1. Among the residues of segment 102-122, what is the count of those that are among the acidic types (D, E) and assigned to a loop (DSSP other than H, G, I, E, B)?
2. If only one of R43, R70 is closer than 23 Å to V2 by Cβ and touching a Lys or Arg at 6+ places or on another chain (Cβ under 8 Å), which one is it?
3. Starting from segment 22-37, take each residue that is more than 12 Å from W112 (Cα to Cα) and in contact (Cβ under 8 Å) with a residue 40 or more places away in the chain and list its partners that are among the small types (G, A, S) and loosely packed, with under 15 Cβ neighbours inside 10 Å, counting only C-beta distances under 8 angstrom and pairs at least six apart or across chains.
4. Given G103, G113, which one is at pLDDT below 95 and open to solvent by less than 20 Å² (accessible area, probe 1.4 Å)?
5. Check L4, L29 and return the single one that is under 17 Å from Y111 (Cα atoms) and in a loop (DSSP other than H, G, I, E, B).
6. Exactly one condition in (1) charged (D, E, K, R); (2) touching a Lys or Arg at 6+ places or on another chain (Cβ under 8 Å); (3) open to solvent by 30 Å² or more (accessible area, probe 1.4 Å); (4) closer than 27 Å to S122 by Cα is false for D108; which is it?
7. Take residues that are among the charged types (D, E, K, R), surrounded by fewer than 21 Cβ atoms within 10 Å (Cβ to Cβ) and out of contact with any helix residue (DSSP H, G or I) (no Cβ under 7 Å at 6 or more places or on another chain) and tell me which of the strands (runs of 3 or more DSSP E) falling wholly in segment 33-82 contain 1 or more.
8. Of the residues in segment 1-12, how many are open to solvent by less than 60 Å² (accessible area, probe 1.4 Å) and at pLDDT below 95?
Amino acid sequence: QVQLVESGGGVVQARGSLRLSCAASGRPLSAMGWFRQAPGKEREFVASISESGSNTYYADSVKGRFTIARDNAKNTVYLQMNNLRPEDTALYYCAARRTSVPGFSSYDYDYWGQGTQVTVSS
């Protein structure tokens, strides 16, 4: 079994930055991803990273502003968020899947954290 714990969320002004962390315990992780869900909206893909960290993918809405990275020695995945916008406000979830290839849909992932809230004020 895998447990994922997110941290690093908070309240920040527009154009500010936050770094989210996702610490994993249990079996070694393969591909990882970040998703977010705003009130009244469906959960959406934000970014994903392959097992080795050599391949990363981003939603168009965050490309150039967010960076996903991982430290396999620490079993931790990060999401660096710069130039934040009010529309980035959401509950951010970390997810893991059993395979090494990243996915883009929430259905691709097998394990989920509880989420960390990010609020961006204008």
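The values are calculated or read from the model by the stated rules, or taken from the named source; none is laboratory data. Predicted model only: the values in this text are computed from it and were never measured. We place every Cβ from the backbone using ideal geometry, glycine too, and count neighbours over all the protein chains shown. The protein model used for the area step is the full one, side chains on, heavy atoms only, and it has no ligands, DNA or RNA in it. Shrake-Rupley method; radii C 1.70, N 1.55, O 1.52, S 1.80 Å.
1. Number of matching residues: 1.
2. Details: R70 fails: touching a Lys or Arg at 6+ places or on another chain (Cβ under 8 Å).
Checking each option against the conditions leaves just R43.
3. S30/S100; A31/S100
4. Numbers: G113 fails: at pLDDT below 95.
None of the others qualify; the one that does is G103.
5. On the way: L4 fails: in a loop (DSSP other than H, G, I, E, B).
Checking each option against the conditions leaves just L29.
6. The failed condition is (4).
7. Details: elements: 44-49, 56-58, 66-71, 76-81.
In segment 33-82, 44-49, 66-71 are the strands (runs of 3 or more DSSP E) which contain 1 or more residues that are among the charged types (D, E, K, R), surrounded by fewer than 21 Cβ atoms within 10 Å (Cβ to Cβ) and out of contact with any helix residue (DSSP H, G or I) (no Cβ under 7 Å at 6 or more places or on another chain).
8. Of segment 1-12, the ones open to solvent by less than 60 Å² (accessible area, probe 1.4 Å) are 2, 4, 6-10, 12.
Within this subset, residues satisfying the condition of being at pLDDT below 95 are 2.
Total meeting the criteria: 1.
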